Amino acid sequence: MTRGVLLDLAGVIYDGGTAIPGGVDAVARLRRAGLSIRFVSNTTRSSKQRVLDHLAAIG
């Protein structure tokens, strides 16, 4: 049984400053399904707070 998912940020949830079509809705569906979600990224240029602010801005 799947209990959680890992989602890469760049190229899966957003591309540059724009949300990927369907990405925000997909995250919402996963949350409604009760799955634990963890976002992963290999970026070293942005602080955790900057990434969180960016996610909040795109939905």
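Mind pulling the angle between the C-alpha long axis of helix 23-32 and the longest principal axis of the chain? Nearest 10 degrees, somewhere in 0 to 90.
The angle comes out near 40 degrees.
Could you give the length gained by full extension between Thr44 and Ala56, i.e. 0.36 nm per residue of separation minus their alpha carbon distance, to one decimal place?
2.4 nm
Tell me, in nm to one decimal, what length is gained between Leu35 and Thr2 on full extension, where the rule is 0.36 nm per residue of separation less the Cα-Cα distance?
Extra length available between Leu35 and Thr2 comes to 11.1 nm.
In degrees between 0 and 90, to the nearest 10, how far off the longest principal axis of the chain does helix 48-58 point, with axes built from Cα atoms?
70
Where a number appears in this text, it was derived from the coordinates with a stated rule and is not lab data. Everything numeric in this text was worked out from a predicted model, so none of it was measured.
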